[in-house]
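Following: one structure in structure tokens, then a few remarks.
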Ligand SMILES: NC(=O)c1ccc[n+]([C@@H]2O[C@H](COP(=O)([O-])OP(=O)(O)OC[C@H]3O[C@@H](n4cnc5c(N)ncnc54)[C@H](O)[C@@H]3O)[C@@H](O)[C@H]2O)c1
Ligand SMILES: [Zn+2]
């Protein structure tokens, strides 16, 4: 059976990908036979994924299911407190295992809770959104938001293993799929022009392409993480679109407007940061046009109101990626190549917001 499973070696563990991964998971869980196993879900993954998983993985029949409410607004220390308490109430000892079944919110927060409970218990990820399968569950970043500020509290700690079952995506809605696709487009923009040329055609509706897409993106992300696990250098490339994107995501989480999904906020960030790249990093106008046209074809997004600009700039100054008063950007040189540690002036960021608005007006 194991022949139809793709394996990626990470720093200290493995990522398994394929529609047969449950066979492997079942064997893997033998090691935890005598320990308590917790399955962390939100209401959607409880409904759409948990019973399918448990029916294939006998070792999970006795697992304690721990459910939280879905949504980024729950990626908080308050929910962690409840989860730590739940583990303690069940007398979870240091041999316990936490399985994160869900999107990036579940893997970021579950990973953080496991990493800190009794100074760390084992956890594994079973990502169920495209975003989590290609990005959030790879690379060992775990954590929560603080007053809406993204990922302010957290650490680097890899899961013991990641099991990716692409067919979980069958119940995910189109908007969520596109949110994940944004990270794949980012992987292509920073490192792989050929991948970009493939992705810009739009392949999401074809489920036979999912495996290839997930595999290509994991390969890119995992290689970058292996080269620079703690983000001293090259890993910063993965932040393309995120300096502006995180500010937008936070702003829309706290405001009266409907929240944007992570990938949607990152798309706005990528368009703005591609514009900045033409001004200070030699990205050609032609590539900028191609990037903006591709994103605007896939994503329906709001324009940025002029009166919001100031609040967005303030949020960027709070971002942990920025040192002192400098806003630090990862910028494109061309499609498929990025450089990092670029300080950028406020005036240019404002021009970038204006440019974005011309694309979406
Ligand atoms: N750690 C990292 O390296 C990293 C990288 C990228 C993003 N992230 C984080 O990931 C988070 C976003 O992740 P996300 O987009 O997966 O969000 P999410 O976890 O909120 O999931 C999105 C929605 O889809 C639902 N869902 C999940 N799986 C489903 C399925 N199979 N069928 C139907 N519904 C399903 C969820 O309940 C939720 O409502 C953000 O907090 C972001 O900061 C982390
Ligand atoms: Zn992201």
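Readers should treat all values here as calculations from the given coordinates under stated rules, not as data from a laboratory. All figures in this text were calculated on a predicted structure; none of them were measured in a lab. Here Cβ is always computed from backbone atoms with ideal geometry, including for glycine, and neighbour counts include all displayed protein chains.
Remarks
- Segment 95-143 and segment 9-45 have Cα centres lying 11 Å from one another.
- Relative exposure of 208, 217, 115, 70, judged by other C-beta atoms within 10 Å (fewest first): 208, 70, 115, 217
- Secondary structure note: in the chain, about 40% of the DSSP beta bridges are antiparallel.
- Comparing mean-square fluctuations of 262, 56, 310 from a GNM of the chain with C-alpha springs under 10 Å, the top value falls on 310.
- 222 nm mean residue ellipticity, helices alone, for the chain (DSSP H n ≥ 4; -39,500 (n - 2.57); rounded to 500): -13500 deg cm²/dmol
- Label-point separation, residue 307 to residue 34 (7 Å along Cα→Cβ), nm: 6.5 nm
- Fewest-first sequence of 230, 10, 129 by Cβ atoms within 10 Å of each Cβ: 230, 10, 129
- Gyration tensor over alpha-carbon atoms, the chain, equivalent ellipsoid semi-axes in Å: 34, 22, 18
- Difference of contour (0.36 nm per residue) and Cα-Cα distance, residue 279 to residue 153: 42.0 nm
- Rounded tilt (10° steps) of 210-227 against the dominant C-alpha axis of the chain: 80 degrees
- The label-point distance for residue 12 and residue 47, in a model that sets each label 7 Å from Cα toward Cβ, rounds to 3.7 nm.
- 0 to 90° range, to nearest 10: angle between helix 104-116 axis and the chain longest Cα axis: 60 degrees
- Directionally averaged projected area (convex hull, Cα atoms, segment 139-226), nm²: 6.9 nm²
- Efficiency of FRET between residue 205 and residue 333 - r from beta-carbon atoms, R0 45 angstrom, step 0.05: 0.90
- Per-pair calculated FRET efficiency, R0 = 56 Å: residue 91 and residue 212 via Cβ, rounded to 0.05: 0.80
- Among 267, 113, 23: highest mean-square fluctuation, GNM of the chain, C-alpha pairs under 10 Å: 23
- The ranking of 201, 118, 36 by Cβ neighbour count inside 10 Å, starting from the fewest, reads 201, 118, 36.
- Reciprocal of mean inverse Cα separation for segment 174-360 (Kirkwood radius, Å): 16.5 Å
- Segment 256-311 and segment 163-190 have their alpha-carbon centroids 19 Å apart.
- Taking every Cα-Cα distance in segment 2-171 and sorting them into 10 Å bins starting at zero, the pair-distance distribution P(r) comes out as 11, 44, 37, 8, 0 percent.
- Crossing angle, helix 242-254 versus the chain [Cα axis fit, 0-90 degrees, rounded to tens]: 70 degrees
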